[in-house]
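Visitor: To start, I am sharing the structure in question, which I have written as structure tokens.
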Amino acid sequence: MNKRGMSLMFLTLVLICLTIGAAIQANKGFDVETFNNKFNWTHKNITVESQPHLGNAVESLVNGIGEAYFSIAKWAAVMSAENPTVPFQLLLICLMVAIFAPIIILVVKLLVIIFLLTKEVIQSRKEKKLLQKK
């Protein structure tokens, strides 16, 4: 797996943890024990008849990553219930802004270019009219 895939997996994990933390802090009477008991990973059976070793590898990968994500999500639920002063919603908003920052910067640059070009066209038309009047 390359760097982009690993960073997307880690970013997904952080988003899951922050979302669970924000949801638990938003609901004052949230029971973490019930959540942890009912939030379980179900193992997936993936069979590839033509390549059984490849099927076992994919099955192990899916089940391992799935169970790891669920366990970390349970840990995030316990941690957010024990630490009510951590601003999970603010952290979630900051992370979303960081994710969309490259897109926002590009849109702002395009808007500035369009504004400057429009201003230049309007100014050149005014100058042409002014020169024609003289």
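Visitor: What residue, among those in the range 34-71 that are part of a loop (DSSP other than H, G, I, E, B) and among the charged types (D, E, K, R), is modelled with the lowest pLDDT?
Guide: Among them, the one singled out is GLU49.
Visitor: Given the conditions (1) surrounded by fewer than 11 Cβ atoms within 10 Å (Cβ to Cβ); (2) under 27 Å from the mean Cα position of the chain (by Cα); (3) without any contact (Cβ under 8 Å) to a residue 60 or more places away in the chain, report the number of the one that ALA26 does not fulfil.
Guide: Looking at each condition in turn, ALA26 falls short on (3).
The values are calculated or read from the model by the stated rules, or taken from the named source; none is laboratory data. Here the structure is a predicted model, which means the values were calculated and not measured. As a convention, Cβ positions derive from the backbone with ideal geometry for all residues, glycine included, and neighbour counts pool all protein chains shown.
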